[in-house]
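Engineer: For reference, the structure I am asking about is given below.
The values are calculated or read from the model by the stated rules, or taken from the named source; none is laboratory data. Quantities reported herein were computed from a predicted structural model and do not represent experimental measurements. Ideal geometry is used to build each Cβ from the backbone, glycine not excepted, and the neighbour counts take in all protein chains shown. Ligands, DNA and RNA are excluded from the accessible area calculation, which covers all protein heavy atoms including side chains. Shrake-Rupley method; radii C 1.70, N 1.55, O 1.52, S 1.80 Å.
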Amino acid sequence: MAITFPSGGHIVGNLGSGSVFVSGGTVSVIGGPYVCSGAIHADGGTLDFKSSTHLTFDGSGDYVDVGDKANLEVNAFTIAGWFYIDSTKSGADFLVCNSDGDTKGWRLYSYNNDLNFYRATSSVSIDITNLKDQWIHICGTYTSGELNLYIDGILEATNNPTGSPDYTGAAFQIGADGDGSDTFKGKICQIRFY
């Protein structure tokens, strides 16, 4: 099923307890709808429901906003999913976060050819030049004072941050930096947070 909207659209429909927002461009919701009391934002004119298993983002304002949820604002957690990072996007490209778009919360993002997992006061980073344009499993964990980043099940980087994340004004978003900026270009599948 595909629904096409003109540029500058507004709230256009309901997905369970979530809403759909469209304001120009294209977003695909594949294998869904999977929105749970959040919203899908599309800076594009087509919302396409397909029978596959991933979300496709064009890097121009598309993201999933779960919102500010107290049960997602924890000190120990794991965030994991399958990601296909498009090599044509440069600069900041946010995969998933619980952030205010600035320094609060945590974020998993790529910046040019580096993949970064940031929490509270520090981060871990690895080069992903050879991992773009293909499906990879990324997992970030924080527990017992240790921040870890895994690629395809292999521990690639670790750090020992101090302090706890401040979630004031933070939003859990897939494909953006908590404030709807630095949107992702590529595909995302099977996000898990626990």
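Engineer: Between Asn160 and Ala92, what is the spin-label point distance in nm, taking each point 7 Å from the Cα along the Cα→C-beta axis?
Structural biologist: With each label point 7 Å from Cα toward Cβ, the separation is 2.9 nm.
Engineer: Next question, about the same structure. Pairwise over distinct Cα atoms, reciprocal of the mean inverse distance: report the Kirkwood radius of segment 43-181 in Å, one decimal place.
Structural biologist: Hydrodynamic radius (Kirkwood, Cα only) of segment 43-181 equals 15.4 Å.
Engineer: Output the peptides 54-67, 149-162, 75-88 sorted from most to least packed, where packing is the average of other Cβ atoms within 10 Å over each peptide's residues.
Structural biologist: Highest mean packing first, the order is 54-67, 75-88, 149-162.
Engineer: Then there is this: What's the carbon and sulfur percent of segment 88-191's accessible surface, probe 1.4 angstrom, rounded to a whole number?
Structural biologist: 43 percent
Engineer: Taking the alpha-carbon distance from Lys132 and a cut-off under 18 Å, which lysines remain once sequence neighbours fewer than 8 residues away in the same chain are dropped?
Structural biologist: Straight-line reach from Lys132, under 18 Å: Lys89, Lys185, Lys187.
Engineer: A follow-up question, please. With label points built 7 Å along Cα→Cβ from the Cα atoms of Ala70 and Asp102, find their separation and express it in nm.
Structural biologist: Computed distance between label sites Ala70 and Asp102 equals 2.4 nm.
Engineer: Give the peptides 112-121, 131-140 in descending order of average Cβ contacts within 10 Å, highest first.
Structural biologist: Ranked by mean Cβ neighbours within 10 Å, highest first: 112-121, 131-140.
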